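**Q** I'd like to ask you about the structure that follows.
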Amino acid sequence: MEEESCSRAEEVDLLEILLIDAELAPVCDRREETSCSKNVLRKQRNWERRLESKKSKRKEEKQRKKLNKLNKDVNELQLSKRVIKAITKERLEEARGAGPGLCVDLGMTDCLSAKEISRLACQIRRLYGCNKKALQPFRIFLTELKEDSLLHKECVRMNDGFLNYLIDVTEESWFQLFPSEDVIYLTPDATEALEHVEEDKVYILGGLVDETIQKRISYTRAKELGVRMARLPIDEYMVKRQNPKNFHSKILAINQVFEILLTFRDTKDWTKALAAGIPPGKGYMVASTDINPPEEL
């Protein structure tokens, strides 16, 4: 009986030990799990900080590269502008030493109103701008332009850097500067059509605007001085365009005539030159090729 009691007591003790182990086991697991969770969270936070740091560095590097590229583009643009400016200046200087001359005759400004004087100053600016862009620029002359005149004041006021233009400005008349045999006065009233732009000639444009009421002023002036006259070959290469007002005019601004001469000099094609320089509002358009004059053989 005693042995059986002892055996039962041992069984009870063993059972209690097992129960205690069973109760303690989850507590240990929970502690380990909590410890593991803390380690994971700490590693995750470290990883997130490193990731954020890498993102910040990448962003800074991207901004730095963008800034470097922007500075490089600006430097290249500035260099390009300097190079273009230098090339333009070289071309204009070469033109002043050789090549055909283009003279704007400003000896008739007494016929212009103050508004027309301002328009003429604007056209001179555009003419010079065309010459700057040209591959083969002309040598530009402005004759009979007096410093105390309204036109000179308007040129200075309206044209940025006018006093530094690479052109020849003089108070003398063109017929005092050039031999009459070297001059061709361009006027829409001439009977002879201009066929070529000759390198050894000086082409005179009357300093008038297309709003000028008085007609044949430049023609009369050239005829009195006994110089050769010519007109642009509009009749030979263009036809009248139908329009509601039935308006057709061959009178062009000096910068438009100049653009035509520049284009013809580059292309040797009057069709292209006239199409480039004559606005559609003048009522003319290029004729079809089958009615153009045949080329010389």
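**Q** Sequence-distant or interchain residues sharing an amide H contact under 5 Å with I140, placed H: which?
**A** It is L102, D168, by chain and number.
**Q** Enumerate the amide H contacts of M229 below 5 Å, restricted to partners 5 or more residues apart or on another chain; note that Pro and chain-start residues carry no placed amide H.
**A** Y185
**Q** Subtracting the Cα-Cα distance from 0.36 nm times the residue separation, let me have the gained length for L225 to T191 in nm, one decimal. Each step should come with its number before you reach the end.
**A** Numbers: separation 34, 0.36 × 34 = 12.24 nm, distance 1.67 nm.
My answer for the length gained is 10.6 nm.
**Q** I've got another one for you. If the only charges are +1 at each Lys and Arg Cβ and -1 at each Asp and Glu Cβ, what is the size of the charge dipole of region 153-279 around the Cα centre, to the nearest 20 debye?
**A** Dipole size: approximately 700 debye.
**Q** Rounded to whole Hz and in sequence order, give me ³J(HN,Hα) for region 119-135 from the Karplus expression 6.51 cos²θ - 1.76 cosθ + 1.60, θ = phi - 60°, writing x for Gly and Pro.
**A** Those phi angles translate into 4, 5, 4, 5, 5, 5, 4, 5, 4, 5, x, 4, 5, 5, 7, 6, 6 Hz.
**Q** Further, regarding this structure: What is the distance, in nm, between label points placed 7 Å from the Cα along the Cα-to-Cβ direction at K81 and at N246?
**A** 5.3 nm
**Q** Take the cross-link list K240/K268; K115/K272; K115/K245 and give me the ones stretching past 29 Å between alpha-carbons.
**A** Over 29 Å Cα-Cα: K115/K272.
**Q** How big is D, in µm² s⁻¹, for region 131-209 by Stokes-Einstein at 37 °C and 0.692 mPa s if Rh is the Kirkwood radius over C-alpha pairs?
**A** Stokes-Einstein gives a translational diffusion coefficient of 226 µm²/s.
**Q** How many percent of the accessible area of region 216-295 is carbon or sulfur, using a 1.4 Å probe?
**A** Looking at region 216-295 in its full context, I get 52 percent from C and S.
**Q** Considering amide H positions built from the backbone, and no H for Pro or chain starts, which residues 5 or more places from D189, or on another chain, come under 5 Å of its amide H?
**A** For D189, no residues qualify.
**Q** At 7 Å along the Cα-to-beta-carbon direction for both E171 and K43, put a label point, then send me their distance in nm to one decimal.
**A** 9.5 nm
**Q** OK, next. Provide the gained length on full extension for the span D200 to D160, in nm with one decimal, where the gain is 0.36 nm per separating residue minus the Cα-Cα distance. If you can, show how the numbers build up before the last one.
**A** On the way: separation 40, 0.36 × 40 = 14.40 nm, distance 3.10 nm.
This chain segment gains 11.3 nm when fully extended.
**Q** Follow-up question, since we're still on this one. If each of K215 and E94 carries a label point 7 Å out from its Cα toward its Cβ, how far apart are those two points in nm?
**A** Placing both labels 7 Å beyond Cα along the Cβ direction yields 4.4 nm.
**Q** Turning to a different aspect of this structure: If you take the charge dipole of region 129-195 about its Cα centre, with +1 on Lys and Arg Cβ and -1 on Asp and Glu Cβ, which of G161, L142, T191 is farthest toward its positive end?
**A** Checking the options against the dipole of region 129-195, the answer is G161.
The values are calculated or read from the model by the stated rules, or taken from the named source; none is laboratory data. If you're wondering where the values come from, they're calculated on a predicted model, not measured in any experiment. Every residue, glycine as well, gets a Cβ built from its backbone with ideal geometry; the counts of neighbours run over all protein chains shown. With ligands, DNA and RNA removed, areas are computed over all heavy atoms of the protein, side chains included. Shrake-Rupley method; radii C 1.70, N 1.55, O 1.52, S 1.80 Å.
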